[in-house]
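First comes the structure, then the notes that go with it.
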Amino acid sequence: MNARVTLYEGATILFPEGPRVVVAVGPFGYTVRDVTGGVDEVSWTDVQPARAIVHGRVDAVAESLMAVLSGLSDDAVQESLDKLEVVLTIRTGFARGHPALARPGEPYSLFNPARKVSDSKKCEAMAKILAREALLDRRRQRNMEAGKATPQARVGAVSQRQLMNWLADFDRPINGGLLALVDKRRVRRHSAFGGLDPEVRRIADDIAARIDGTQAVRSIDELLRRTLLALKAEGLDSLDPPESTLRTYLTQAAQAAGRTTRSHTTKKLRGVLALTAYPALRPGQVVAIDVTRSDTFCVDPWTGKPISVEIITALDVCTRVVLALRVVPRSANAIEAGLILYDVLRPFSQVVEPGQVHDWRWAGVPETIGSIEDAVAEAERLSARPLLGEHPIPGLLPDAIRADKGSIFTGRYFREVCTLLGIHLLLSRGKKPTDNAFVERWHETLQRCLLQLSGHKGRNVSQRGSDAGKIVVDKKGRAVFKGDGPGLTPRELELRLREFICTDYHRTRHGGLTVVDRTMEDRSPAVGMTPLEVFDALLAAVGRLHVLQRPDLLYDLLPQLWLTIRHDGVEYKDLTFDCAELDDFRSVPKGFFRDQDRAAPFFMDPRDLSRLWFRRPDTGAVVEVPWRRAFQLQAPMTDLVLKAATQAVKRRGGTNTTINKDSVQREILEAVNDIASIDRLRANPDMVDWKPNKVAASHLRESRSQFDHAEAAEAGARGTRRTSRGASSKGTRAGASRSSSPPAFDPTQTAWPTLESQEGEP
């Protein structure tokens, strides 16, 4: 049985004699009215979805037309439907044949059947109308003059005799109607896969789309089997597509994707990759991102052991300004690569005081855009900027990102973030470090800072001393590298690097940023400029877009989950999350958040799966939804930790269906907490793969996640309080009543809230 088509009163169904209008919906089909006014019954099985064949012109198509229309190209279908409108206009005065479907100006009095005008006179008048329309189609006329062949949007100029032939063909009792108006030459040139139902092609395309480099290469037989199973799962197995045709269709799709997973990945990236080069003439136009291993050991604040970390940097190619920098555990993952873009997008400020440097904070934005002269004057003024004080770094929306072909940049998450923000991805060639030369050179400059820090381990093993990485405790109880100074935690290393960027790198004349005075007759030497001078000068001249700069921007860049809010909360990964903020949405009807079900969108941070986040649709506020047993956690619950704990529980048979949800969650909690102690971890035979370095990385990621979310929450709260005070005072002056609920954060406000660093080390 064919798939049922759901229509409504007033919908149109295309039949050979023209459109029919649905006047009633019955238990076995539809009651329709044809172009002559007659009423007939149409069964469910006699109607097929319009799909893309006649999209936007009718709602459904009669089964008798599908075999012919599906074998035509889009231009051929358009041409046939245009002929049908001409014939129906001559016969009824309406282009679609029904008074209920009348267009402005219809019915045409000349073609009104009540006037008893002969077909010859009507065809003569229609020929003049079509000739006039062809003359008015200036685009078509210009293309004809240039000798270009373009798809025909109208039937064009048609003679009176030809119109009489159309009427005769349309009135034939056998094979008449729309089928008689189809150009038979177009039928002979239809695609070889025109016999495949559009639904079959849709499902086959979905199966072929999974050939994206993430899965092993499958045979055509396996792709065919999966396609047939998908048809059966959607209740479309009655379509019974020809196996040979479907196999050929899948073969062509697989060949287009390539033979190897490498070619599959290349094709997958086409939707994000830039199609043009970017000259990097203004700040933020091209941003280079890369990851490098730190040449300095850090001290794990939880174990006191030395650990290796990595540094992610976002560098503006035009000005060489470091827009963002993060110290992350090795090895950096996709979520950390995406959050470096989060740092680039939002405005920051670095505050330097005697003997210390604060964390980057929310900053203001430039209010006006000046001229080139203003930019030069601004650069001269800022060239003498003192080391101490506040140094703003405005948020920028890059046009393109330059990165290598590492998995964190070519993976699905980073590509989706780039697509969301409209950023093109410029991937470097393999073994071609010169493709991303600016950020590679920055890594060399970074050594000026790293060489000064304790715990330096050299560029490679051959440069590493025998005492490198050995930690002893001094008299003050501090972790000190043997023969060196006190060790830095990853967080302290990040702050030290930002201090170096603010006070040293941004203020040191850069060899790639030079200006030559061409007004001098002699060859004057090039004058070097600092990255900060070039950035400030160009920013004052070109300005920037005020986009995406709001405190809850973090959640737009996190992975999204669709979960159903039940009476006991939401379930994810065998865990139950709940909070009082979900009470208003526990009994929402189907389609409240999305059409197909009652699921609601939640945000998930892989660095901390002890909680989810939910954006209220009524206020836009983002609320935290914790795991019910989160208060009992003694260890970080990252995505990798949760996966390892769940697998350990399954090995013990803990996820047997006879055990209730609370028991499963209790066992997962115990398995996660085993990671909190090295001794307990080693005693658990199901967690033998977990080493101390993985535990340290999990702690660091959870700590940074808590800091990011606390920062976003505090910034939003400060902005809300500021907006609330402004609204209250304004209302008092105007004599208006005060509202009990504070207004939402206003992203258009000139001044942004200032937020100090709140992350503490254990």
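Brief remarks on what is shown
- Residue in the range 113-123 that is at pLDDT 80 or above and hydroxyl-bearing (Ser, Thr, Tyr) present: yes
- The residue that is modelled with the lowest pLDDT, counting only those in the range 9-57 that are basic (Lys, Arg) and in a loop (DSSP other than H, G, I, E, B), is 51.
- Only listed residue being modelled with pLDDT of 90 or more and outside any helix (DSSP H, G or I), chosen from 401, 408: 401
- Residue 422 being on the phi > 0 side of the Ramachandran plot, under 33 Å from the mean Cα position of the chain (by Cα) and not β-branched (Val, Ile, Thr): yes
Here's the yes/no breakdown for (1) of a type in the set (S, T, N, Q); (2) modelled with pLDDT under 90:
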position	(1), (2)
256	no, yes
263	yes, yes
269	no, yes
272	no, yes
276	yes, yes
280	no, yes
302	no, yes
320	no, no
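- Selected residue [buried (at least 18 other Cβ atoms within 10 Å of the Cβ) and in contact with a Cys (Cβ under 7 Å, 6 or more places away or on another chain)] from 489, 410: 489
- Residues that are farther than 28 Å from residue 508 by Cβ, among the small types (Gly, Ala, Ser) and either in contact with a helix residue (DSSP H, G or I) (Cβ under 9 Å, 6 or more places away or on another chain) or at pLDDT 85 or above (or both) do not occur anywhere in the range 386-395.
- The set of residues from the range 588-623 being charged (D, E, K, R) and surrounded by 14 or more Cβ atoms within 10 Å (Cβ to Cβ) comprises 598, 605, 607, 608, 611, 615.
- Neighbours by Cβ (under 7 Å, 6+ apart or cross-chain): first from the range 285-308, closer than 13 Å to residue 453 by Cβ; second of a type in the set (Ser, Thr, Tyr): 294/308; 297/308; 298/489; 299/489
- Put simply, of 375, 363 the only residue that is at pLDDT below 60 and surrounded by 20 or more Cβ atoms within 10 Å (Cβ to Cβ) is 363.
For every residue, the table says whether it meets (1) assigned to a helix (DSSP H, G or I); (2) surrounded by 13 or more Cβ atoms within 10 Å (Cβ to Cβ); (3) at pLDDT 85 or above; (4) not assigned by TED's automatic domain parsing to the domain that holds residue 93.
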| residue | (1), (2), (3), (4) |
| --- | --- |
| 126 | yes, yes, yes, no |
| 134 | yes, yes, no, no |
| 150 | no, no, no, no |
| 163 | yes, yes, yes, no |
| 168 | yes, no, yes, no |
| 173 | no, no, no, no |
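- Condition broken by residue 339, with the remaining ones in (1) modelled with pLDDT under 90; (2) in contact with a helix residue (DSSP H, G or I) (Cβ under 8 Å, 6 or more places away or on another chain) satisfied: (1)
- Against the criterion of being of a type in the set (Ser, Thr, Tyr) and at pLDDT 80 or above, residue 6 does not qualify.
- Filter result for residue 496 (in contact with a Ser or Thr (Cβ under 9 Å, 6 or more places away or on another chain) and assigned to a helix (DSSP H, G or I)): no
- Hey, residue 453 crowded, with 18+ Cβ neighbours inside 10 Å and either assigned to a loop (DSSP other than H, G, I, E, B) or of a type in the set (D, E, K, R) (or both) or not: yes
- Residues satisfying the stated conditions in the range 79-105, i.e. crowded, with 18+ Cβ neighbours inside 10 Å and assigned to a loop (DSSP other than H, G, I, E, B): 93, 94, 95, 96, 97, 98
- Listed by first and then second residue, the pairs linking a residue in the range 486-508 that is within 13 Å of residue 309 (Cα to Cα) to a residue that is modelled with pLDDT of 85 or more and basic (Lys, Arg), with Cβ atoms under 9 Å apart and 6 or more places separating them unless they lie on different chains, are 488/496; 490/704; 491/704; 494/326.
The values are calculated or read from the model by the stated rules, or taken from the named source; none is laboratory data. Model, not experiment: these values are computed from the prediction. Positions of Cβ are backbone-derived with ideal geometry, glycine not excepted, and every protein chain shown enters the neighbour counts.
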